[in-house]
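The values are calculated or read from the model by the stated rules, or taken from the named source; none is laboratory data. Note that the structure is predicted; figures quoted are calculated from it, not measured. All Cβ positions, even for glycine, are placed from backbone atoms using ideal geometry, and neighbour counts span all protein chains on display. Please note that ligands, DNA and RNA were not included when accessible areas were found on the heavy atoms of the full protein model with its side chains. Shrake-Rupley method; radii C 1.70, N 1.55, O 1.52, S 1.80 Å.
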Amino acid sequence: MNYPFNENKELDLIAIGRACIDLNANEYNQPMEETMTFTKYVGGSPANVAIGSAKLGLNVGFIGKLADDQHGRFIEKYMRGVGVDTSNMVTDKEGHKTGLAFTEILSPDECSILMYRDDVADLYLEPSEVSEDYIQQAKILLVSGTALAKSPSREAVLKSVSLAKKHGVKIVFELDYRPYTWTSPDETAVYYMLVAEQSDIVIGTRDEFDVMENVKDGDNNETIKNLFTHSADLVVIKHGVEGSYAYAKTGETFRAHAYKTNVLKTFGAGDSYASAFLYALVSGKDIETALKYGSASASIVVSKHSSSDAMPVAAEIEQLIGQGEYVKIEG
Ligand SMILES: Nc1ncnc2c1ncn2[C@@H]1O[C@H](COP(=O)(O)OP(=O)(O)OP(=O)(O)O)[C@@H](O)[C@H]1O
Ligand SMILES: O=C(O)C[C@@H](O)[C@H](O)C(=O)CO
């Protein structure tokens, strides 16, 4: 089953939200207290997805706000270098800083992220900085949940969503829940639901859907039952190494397994998954194949040091799919 896009649009995907810096620990398997050196990469979930999709060959743009400093310039140059159109990335003029994410790799499955996100430039994106002319050129608007955490970024995103609806741009909502950006579960759920109800495709982990629904141990069937009464016609729910499901409004369910790999760290999985899944959908592959692309891309990125720079090209993904070695889950 294929997913329909408006083929008359020039850009495949525009992502909106944060473009930041990741500082990934060079020393593995030790706590951050002991870590002495870090490698700098571009980070921030929507920036990672944009970079991943651009590396796969999609025509990608980005809407966001960068700090007027060395980090902001590094991010813009890197993204432009991999082919992302940065013409709608604006520069903050009020002294706000770039968000930083320090990562800790305690073991391949025990990773954490220490975020510095007070007063970050990305959350100061103004609605007036979102261009209708730009949004209407895209097949997909990719919205990251974190951009809803504070005003004025929240209103900028809500404006982009209504413009996307007006111009037949498919809205893909990546829940991308980062607890430290939000102050209350009720507030989070309100804004997540507001955007999810208007989105065509919603992607998240089971835990993130629980945050959106403000429930504990939610159920995939309940989630899709509710979302399918609104705009959504495709819902992707990820269950970490146990794989992922895509539920189509037409009633079909597809499952993908995680591909076996030499895991270095867990973060970056979700962003690489989204970029390759969307690449495959836009390229006309069916939903089941697109899930495989997402899974394979994630398994490549968790075996590498960064989230953005490690994004694979299509041949690497296709090779892994061809090998067909899945992670076996007990029970
Ligand atoms: N250990 C692993 N080995 C191989 N593939 C994995 C592993 N962990 C996750 N994946 C793949 O990555 C996909 C997304 O992972 P997950 O559900 O953890 O997303 P996420 O929490 O959004 O990721 P992130 O940690 O980047 O926020 C999974 O559906 C699976 O295909
Ligand atoms: O999303 C962030 O702000 C941090 C990311 O760049 C980081 O690499 C990660 O968590 C990816 O899942």
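Would you list, by chain and number, the lysines whose Cα falls below 16 Å from the Cα of Lys150, excluding same-chain residues fewer than 8 positions away?
Output for Lys150: Lys65, Lys97, Lys159.
Compute the distance in nm between two label points, each set 7 Å from the Cα along the Cα-to-Cβ direction, one at Glu110 and one at Thr37.
The two pseudo-label positions are separated by 2.5 nm.
What helices in the chain pass both tests, a Cα length along the helix axis of 18 Å or more and a mean Kyte hydropathy of -1.0 or higher, using whole DSSP H runs?
Going by DSSP H runs, the hits are 153-166, 269-282, 287-301.
Net charge within 12 Å of Gly61 by Cβ-Cβ distance, Lys/Arg positive one each and Asp/Glu negative one each, not counting Gly61 itself?
Every neighbour counted, the sum reads -1.
Taking the Cα centre of each part, how many Å lie between the stretch 112-129 and the stretch 153-171?
Each part's Cα centre sits 19 Å from the other's.
With a sphere of radius 13 Å drawn around the Cβ of Ala314, what net charge do the other residues whose Cβ falls strictly inside it have (Lys, Arg +1; Asp, Glu -1)? Intermediate values should be presented prior to the final figure.
Numbers: positive: Lys55, Lys285, Lys292; negative: Glu316, Glu318.
Cβ neighbours under 13 Å give a net charge of +1.
Rg/Rh for the stretch 130-224 to two decimals, with Rh computed the Kirkwood way over all alpha-carbon pairs.
When Rh is taken as the Kirkwood radius, the ratio is 0.98.
Over the Cα atoms of the stretch 167-290, compute the convex hull volume and normalise it per residue, giving Å³.
123 Å³
Considering only protein heavy atoms and a probe of 1.4 Å, how much of the accessible area of the chain is carbon and sulfur, as a whole percent?
C and S atoms contribute 49 percent here.
First select every other residue whose beta carbon is under 12 angstrom from the beta carbon of Pro185; then total the charges, Lys and Arg +1, Asp and Glu -1.
Result for the local shell: -3.
What order do you get for 239-247, 219-227, 318-326 when each peptide is scored by the mean count of other beta carbon atoms within 10 Å, highest first?
239-247, 219-227, 318-326
Per residue, how large is the accessible surface of the stretch 259-329? Use a 1.4 angstrom probe and give square angstrom.
Accessible surface, normalised per residue, equals 36 Å².
Per the helix-only calculation at 222 nm, which mean residue ellipticity applies to the chain, given -39500 (n - 2.57) for every DSSP H run of n ≥ 4 and division by its residues, nearest 500 deg cm²/dmol?
The per-residue figure over the chain is -10000 deg cm²/dmol.
Put a dot 7 Å past each Cα toward the Cβ at Val190 and Ala315; how far apart are the dots in nm?
5.2 nm
Quick check: convex hull over the Cα atoms of the stretch 69-212, volume per residue in Å³, rounded to an integer?
Taking only Cα atoms, the stretch 69-212 has a hull volume of 135 Å³ per residue.
Accessible area per residue of the stretch 131-177 at 1.4 Å probe, in Å²?
Accessible surface, normalised per residue, equals 28 Å².
Give me the lysines in straight-line cross-link reach of Lys304: C-alpha distance below 18 Å, same-chain residues under 8 apart excluded.
Within the straight-line cut-off, Lys304 pairs with Lys40, Lys55, Lys260, Lys265.
Under the Kirkwood approximation for Rh and a Cα-based Rg, what ratio Rg/Rh is obtained for the stretch 48-151?
Result: Rg/Rh = 0.98.
Under the classification rounded if a/c is under 1.5, otherwise prolate if a/b is larger than b/c and oblate if not, where does the stretch 57-99 fall, given a ≥ b ≥ c as square roots of the Cα gyration tensor eigenvalues? Can you show the working numbers first?
Working: a/c = 3.11, a/b = 1.93, b/c = 1.61.
Here the stretch 57-99 falls in the prolate category.
Hey, if you drop one equal point scatterer on each alpha-carbon of the chain and run the Debye formula without solvent, what base-10 log of I(q)/I(0) do you get at q = 0.13 Å⁻¹?
Per q value, in the given order, log10 I(q)/I(0) is -0.92.
Among the listed pairs Lys9/Lys225; Lys139/Lys225; Lys238/Lys328; Lys139/Lys238, which have their C-alpha atoms separated by more than 28 angstrom in this model?
Lys9/Lys225
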